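Student: Handing you this structure, nothing more for now.
The values are calculated or read from the model by the stated rules, or taken from the named source; none is laboratory data. On a predicted model such as this, the values are computed, not experimentally measured, just so you know. As a convention, Cβ positions derive from the backbone with ideal geometry for all residues, glycine included, and neighbour counts pool all protein chains shown. The area values use the complete protein model at the heavy-atom level, side chains included, leaving out ligands, DNA and RNA. Shrake-Rupley method; radii C 1.70, N 1.55, O 1.52, S 1.80 Å.
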Amino acid sequence: MSRIKAIVGLGSCGIAAGAGKVYDKLNELIKTEKYKVSADKTSCIGMCYKEPLVEIIDNDKSYLYGGVTESILEEILEKHTKEHKPVEKYVVHSEYTETEEDVFWEGQVKIALRHCGIINPEVIEEYEAKGGYNALKKIAERKMSYDEVIEEILDSGLRGRGGGGFPTGLKWKFARQNESDEKYIICNADEGDPGAFMDRSLLEGDPHAVIEGMIIAAYAIGANSGVIYCRAEYPLAIVRLNIALQQARKKGYLGKNIMGIDGFNLDIYIKEGAGAFVCGEETALIASVEGERGMPRKRPPFPAASGLWKKPTNINNVETLANIPWIIDKGAEEYAKYGTEKSKGTKVFALTGKINRGGLVEVPMGMTIHDIVFKLGGGIQDGKKFKAVQLGGPSGGCIPASLDDTIVDYDSVNATGAIMGSGGMVVMDETTCMVDMARFFLDFTQKESCGKCTFCRVGTKRMLEILTRITEGEGKEGDIEKLEELSIQIKEGSLCGLGQTAPNPVLTTIKYFRHEYEAHIKEKRCPAKNCAKLLTYEIIPDMCTGCTVCAVNCPVDAIDGERKEIHFIRQDDCINCGMCFSKCNFNAIKVY
Amino acid sequence: MRVKRIEQIRDLKQQAGDEINIELLQPLLEKYKGKKGSLIPVLQGTQDIYGYIPEQAFLEISKKLGYKLSSLYGVVTFYAQFRLNPVGKHIIKVCHGTACHVQNAKKITEILQDTLKVSDGETTEDKLFTLESVACLGCCSLAPVMMIGDETYGKLTEKSTKKIIREIKNSEKQKK
Ligand SMILES: Cc1cc2nc3c(=O)[nH]c(=O)nc-3n(C[C@H](O)[C@H](O)[C@H](O)COP(=O)(O)O)c2cc1C
Ligand code: SF4
Ligand code: SF4
Ligand code: FES
């Protein structure tokens with residue numbers, strides 16, 4: 001073995017950024033014996049904004065490189081193999097050099113993501129070497145009863161990370177209480193919130209942590225069968241889960257009399273979703289696993305009493321489960337050291353949108369939104385002004401910049417009208433139109449409503465129509481009130497969480513950005529300059545060189561002017577497409 | 001519930017008799033016969049084979065596995081994944097999740113519509129591309145994102161989008 005090891009981050013995000021090519025190049029360089037190094041792969045470490053990432057371990061010193069292309073890879077290998085020194089300008093993280101990116105890590109505590117981007121997720125021994133399956137061994141060796149396991153989880157204060165925030169230990173207790181010869185544990189890996197990818201990263205980066213969490217949950221509630229319900233859009237996660245399941249079976253972590261615990265039998269299989277947001281809801285998910293249309297049903301009976309195939313069933317989110325082995329291994333007290341009084345531990349957020357450092361962060365509950373956006377996230381792209389963050393996706397809401405001292409814990413976030421959600425945090429700047437955002441989410445929920453409840457099915461459609469009208473300049477006096485009224489009716493008249501929370505994006509934007517709604521309705525103006533129909537494009541005579549580019553590109557020939565003379569847009573014919581604006585090389589077109 | 005799909009069913013009826021090799025389906029049906037809760041995997045497998053769920057496959061699944069045709073339609077039209085029309089060789093999925101929306105995914109779809117001369121959900125005349133919108137590909141930090149086949153492309157711009165299409169077209173030409 002050579003003393004230098006190069007580890008390429010091959011999560012979906014890394015691959016999309018070109019990490020596959022870098023990995024191929026690395027293997028080629030090794031094969032042709034240009035460099036004496038060894039190659040390995042890992043998954044996403046969270047610095048998605050610096051993908052492709054390559055970690056070099058040189059004499060036990062680790063350097064993480066970002067933005068690595070094939071040629072940069074060669075440059076790095078050259079330096080390490082010849083001088084055993086890093087190429088500092090590309091280093092994004094290392095104990096041995098300071099980098100501009102160090103703030104990204106300050107304040108992060110990795111519990112759920114403890115192995116992501118560190119181990120090779122396709123090699124079970126790497127998980128074991130980091131203490132993986134120790135929690136399960138601990139249960140077997142100390143002969144912990146299921147009550148003790150449940151007690152430990154209750155003491156840790158862990159709450160469901162899928163959005164609801166229900167105490168996990170309590171949920172297990174209910175499932176345990178219902179006697180049955182067949183019980184199910186289901187891992188909810190549907191990750192429906194568009195704009196969130198915590199669960200994908202976990203499944204791709206550390207599938208065994210989720211599986212071990214499921215095994216422990218199964219032991220606690222007495223389940224003998226497990227299902228992972230995974231989005232079909234996550235092919236890599238499914239591949240890695242399948243590999244991990246096979247390895248776990250081979251090593252006896254799954255199967256009969258697991259770890260020598262008499263009568264503890266469990267197998268887990270994967271069920272691929274088929275693209276329906278509502279299937280993230282527990283009862284809809286169960287219907288979908290049973291091969292039906294994924295329609296929610298009335299609760300009670302809760303799944304803990306009557307779930308999959310009418311048997312007691314416990315459903316937990318991916319991130320919830322990934323925390324479990326850590327808690328059992330290190331103890332509830334250790335976990336509860338982090339967080340706030342009512343929200344213990346850490347939470348993973350997918351930081352996206354107009355942010356400089358987009359990626360995955362795991363922070364202790366209680367950190368302020370300001371710190372997440374400006375410290376870890378490095379602030380807003382292109383020096384623009386921070387306007388709001390969206391938490392909780394289609395079920396959540398916007399928290400405005402003025403409330404950025406809000407801390408992330410379940411109660412503080414709820415107090416703003418948003419919800420903690422599963423961890424999607426989309427950052428918006430001054431160019432994001434809040435009415436358009438509300439329209440975007442209603443468009444989503446309207447399409448995804450299963451159609452069972454009238455208010456959810458028709459009400460969201462009505463709201464979408466009104467919002468679309470407003471963004472197209474056809475808003476009327478009284479529209480805001482109508483939206484509020486519909487919101488209340490939809491919340492009250494819907495059976496499941498989808499309908500009950502669908503109005504949240506509208507309500508929170510009205511609450512904090514009412515002036516934007518009013519500008520659209522009364523002044524026919526979009527303050528964020530986003531809504532095409534409300535914009536006016538005009539040529540600034542002093543700047544125009546008469547190059548004709550705009551006139552040539554205008555799809556409706558609304559621009560007049562001779563070559564080398566000042567051009568002019570006929571407002572009556574202009575369709576506000578913005579083509580001229582994007583084509584003019586002389587900044588001679590203004591928009592207002 | 002996607003209303004658009006009802007129109008697709010109508011289309012389907014009109015083009016009855018599209019020729020497919022139904023034998024390809026038999027091993028799949030054999031595998032799942034008598035297994036409870038296997039309808040969705042069966043349909044997913046069918047779509048893997050044909051790229052969509054052809055009418056003949058509906059009839060075959062109904063006959064061999066004993067599902068009512070109406071409940072098959074019910075399930076197929078409920079889930080966004082299932083298609084009732086043949087698709088092009090390359091399926092382009094443009095992400096319209098929140099992060100991509102904020103980073104102007106609309107523009108990417110417009111560019112593709114323009115370049116390929118199709119609307120959202122349609123297939124090009126040469127049957128090379130089908131353009132679709134999806135809700136989030138899980139690569140949000142690289143928004144705007146699209147996926148063609150198994151390949152994901154991030155941080156799209158007008159230029160890079162056009163270039164990707166051009167390259168696929170060129171490599172297809174070379175194959176001919
Ligand atoms: C419309 C809707 C969609 C949901 N989508 C998801 C999802 O994608 N992933 C998830 O873990 N939970 C989702 N949930 C929450 C689940 O119903 C459930 O509360 C959760 O999986 C329980 O696990 P936890 O207690 O570990 O959070 C959704 C709920 C609703 C109402
Ligand atoms: S609230 Fe909406 S999604 Fe939920 S059951 Fe009713 S119609 Fe279906
Ligand atoms: S593109 Fe710009 S500079 Fe050229 S004619 Fe149009 S407005 Fe004038
Ligand atoms: S929002 Fe486009 S990849 Fe997630």
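Student: Between helix A:235-250 and chain A, what is the angle of the helix's C-alpha long axis to the longest principal axis, kept within 0 to 90° and rounded to the nearest 10?
Tutor: Around 0 degrees separate the two axes.
Student: Only protein chains counted, 1.4 angstrom probe. Which residues of the stretch A:442-473 are at least 40 Å² less accessible in the assembly than when their chain is isolated?
Tutor: Buried by the other chains: A:447.
Student: Here's a follow-up. For chain B, find the longest principal axis of its Cα atoms and tell me its angle to the long axis of helix B:158-175, 0 to 90°, nearest 10.
Tutor: 60 degrees
Student: Determine the share of the stretch A:457-592's accessible area contributed by carbon and sulfur atoms, expressed in whole percent, with a 1.4 angstrom probe. Don't skip to the end; give the middle numbers.
Tutor: On the way: 3610 of 7180 Å².
Using a 1.4 Å probe with all protein chains present, the stretch A:457-592 comes out at 50 percent carbon and sulfur.
Student: Further, regarding this structure: Work out, step by step, the length gained on full extension between residue A:62 and residue A:138: first 0.36 nm times the residue separation, then minus their alpha carbon distance; give nm to one decimal. Can you show the working numbers first?
Tutor: Working: separation 76, 0.36 × 76 = 27.36 nm, distance 3.13 nm.
My answer for the length gained is 24.2 nm.
Student: Only counting protein heavy atoms at a 1.4 Å probe, give the residues of the stretch B:45-89, ordered by number, whose accessible area falls by 40 Å² or more when the other protein chains are present relative to the chain alone.
Tutor: Those are B:78, B:79, B:81, which lose 40 Å² or more relative to the chain on its own.
Student: Hey, what did chain A get for relative contact order, percent, Cα under 8 Å, at least 6 apart?
Tutor: On the way: 1258 pairs, mean separation 66.7, N = 592.
Reported relative contact order: 11 percent.
Student: Near residue A:120, within a Cβ-to-Cβ distance under 13 Å, what is the net charge of the other residues, with Lys and Arg +1 and Asp and Glu -1?
Tutor: Value of the local net charge: -4.
Student: Taking beta carbons within 10 Å but only from partner chains, what does the mean come to for residues B:34-41?
Tutor: Working: counts 0, 1, 3, 10, 2, 3, 12, 4.
Mean shielding by partner chains, rounded to a whole number: 4.
Student: Among bridges DSSP assigns within the protein assembly as shown, what percent are antiparallel (round to 5)? Mind dumping the intermediate values first?
Tutor: Working: 45 of 77 bridges.
About 60 percent, rounded to the nearest 5.
Student: Taking the Cβ-Cβ separation of residue A:182 and residue A:5 as r and a Förster radius of 41 Å, what is the calculated FRET efficiency to the nearest 0.05? Could the numbers behind the result be given before it?
Tutor: Details: r = 46 Å, r/R0 = 1.13.
With a Förster radius of 41 Å, E is 0.30.
Student: Additional query: Evaluate the distance, in nm, between pseudo-label points positioned 7 Å from the Cα of residue A:477 and of residue A:465 along their respective Cα→Cβ axes.
Tutor: 2.2 nm
Student: Ok, one more. List, largest first, the extents of the alpha carbons of the stretch A:346-429 along their principal axes, each in whole Å.
Tutor: 32, 22, 21
Student: Using a probe of 1.4 angstrom, how much of the accessible area of the stretch A:4-102 is carbon and sulfur, in percent? Before the final figure, lay out each step's value.
Tutor: On the way: 2020 of 4490 Å².
The C+S portion of the solvent-accessible surface of the stretch A:4-102 is 45 percent.
Student: Once you have a ≥ b ≥ c as the square roots of the Cα gyration tensor eigenvalues for chain A, tell me rounded if a/c is under 1.5, and otherwise prolate or oblate according to whether a/b is larger than b/c.
Tutor: Numbers: a/c = 2.21, a/b = 1.27, b/c = 1.74.
Oblate.
Student: So, one more: Rounded to the nearest 0.05, what FRET efficiency is calculated for residue A:103 and residue A:232 with R0 set to 45 Å and r the Cβ-Cβ distance?
Tutor: On the way: r = 37 Å, r/R0 = 0.82.
For residue A:103 and residue A:232, the calculated efficiency is 0.75.
Student: I've got another one for you. Using the basic label-point model (7 angstrom from Cα toward the beta carbon), what is the residue A:542 to residue A:573 distance in nanometres?
Tutor: Here the answer is 2.8 nm between the modelled labels.
Student: If you take every DSSP beta bridge fully contained in the stretch A:124-335, what fraction is antiparallel? Give it as a percent rounded to 5.
Tutor: Values: 2 of 19 bridges.
In the stretch A:124-335, approximately 10 percent of DSSP beta bridges are antiparallel ones.
Student: Which shape class applies to the stretch A:457-592: rounded if a/c is under 1.5, otherwise prolate when a/b exceeds b/c and oblate if not, where a ≥ b ≥ c are the square roots of the Cα gyration tensor eigenvalues?
Tutor: Working: a/c = 3.52, a/b = 3.13, b/c = 1.13.
Since a/c reaches 1.5 and a/b is larger than b/c, the shape of the stretch A:457-592 is classed as prolate.
Student: Same structure again: Quick check on the stretch A:390-542: take the gyration tensor over C-alpha atoms, sort the square-rooted eigenvalues as a ≥ b ≥ c, and tell me if it's rounded (a/c under 1.5), prolate or oblate.
Tutor: Working: a/c = 2.13, a/b = 1.31, b/c = 1.62.
Here the stretch A:390-542 falls in the oblate category.
Student: So, one more: Using just the alpha carbons, could you tell me how many Å³ per residue the convex hull of the stretch A:434-522 encloses?
Tutor: Value for the stretch A:434-522: 70 Å³ per residue.
Student: A further question follows. Ballpark to the nearest 100 Å², how much total accessible area do A and B bury together, probe 1.4 Å?
Tutor: Approximately 3500 Å², summed over both chains.
Student: Give me the net charge of residue A:48's neighbourhood, meaning all other residues with Cβ under 12 Å from the Cβ of residue A:48; Lys, Arg count +1, Asp, Glu -1.
Tutor: Its environment carries a net charge of +3.
Student: Relative to the first principal axis of the alpha-carbon coordinates of chain A, what is the inclination of helix A:504-522, with its axis defined by its Cα atoms, in degrees from 0 to 90 and to the nearest 10?
Tutor: For helix A:504-522, the angle is close to 0 degrees.
Student: Here's a follow-up. Just to be sure I follow: if Rg is taken over the C-alpha atoms of chain B and Rh is the Kirkwood radius over the same atoms, what is Rg/Rh? Please report the intermediate quantities before stating the final value.
Tutor: Values: Rg = 17.8 Å, Rh = 17.6 Å.
Ratio value, two decimals: 1.01.
Student: Give me the distance between the Cα centres of the stretch A:244-298 and the stretch A:405-475, rounded to whole Å.
Tutor: One Cα centre to the other: 31 Å.
Student: Give me the accessible area per residue for chain A, probe 1.4 Å, as a whole number in Å².
Tutor: Numbers: 23450 Å² over 592 residues.
I get 40 Å² per residue for this part.
Student: Given Cα pairs under 8 Å that are at least 6 residues apart, what percent is the relative contact order of the stretch A:383-525? Let's see the in-between values first.
Tutor: Numbers: 231 pairs, mean separation 41.5, N = 143.
With pairs under 8 Å counted, the relative contact order is 29 percent.
Student: Something else now. Go through B:20-29, A:192-201, A:33-42, A:393-402 and give me the packing order, highest mean Cβ count within 10 Å leading. Intermediate results must be reported in sequence, preceding the final value.
Tutor: Values: B:20-29: 13.9, A:192-201: 29.1, A:33-42: 16.1, A:393-402: 24.2.
Put in order of decreasing packing, that is A:192-201, A:393-402, A:33-42, B:20-29.
Student: Can you list the residues in the stretch A:212-236 whose accessible area drops by at least 50 Å² when all protein chains are present, compared with the chain alone? Use a 1.4 Å probe, heavy atoms only.
Tutor: Correct list: A:233.
Student: Leaving out ligands and nucleic acids, note down the accessible area per residue over chain B with a 1.4 angstrom probe, in whole Å².
Tutor: Values: 8950 Å² over 176 residues.
Per residue, chain B has 51 Å² of solvent-accessible surface.
Student: Work out, step by step, the length gained on full extension between residue A:385 and residue A:529: first 0.36 nm times the residue separation, then minus their alpha carbon distance; give nm to one decimal.
Tutor: 50.4 nm
Student: Using a 1.4 angstrom probe on heavy atoms only, work out the carbon and sulfur share of the accessible area of the stretch A:153-303 in %.
Tutor: 50 percent
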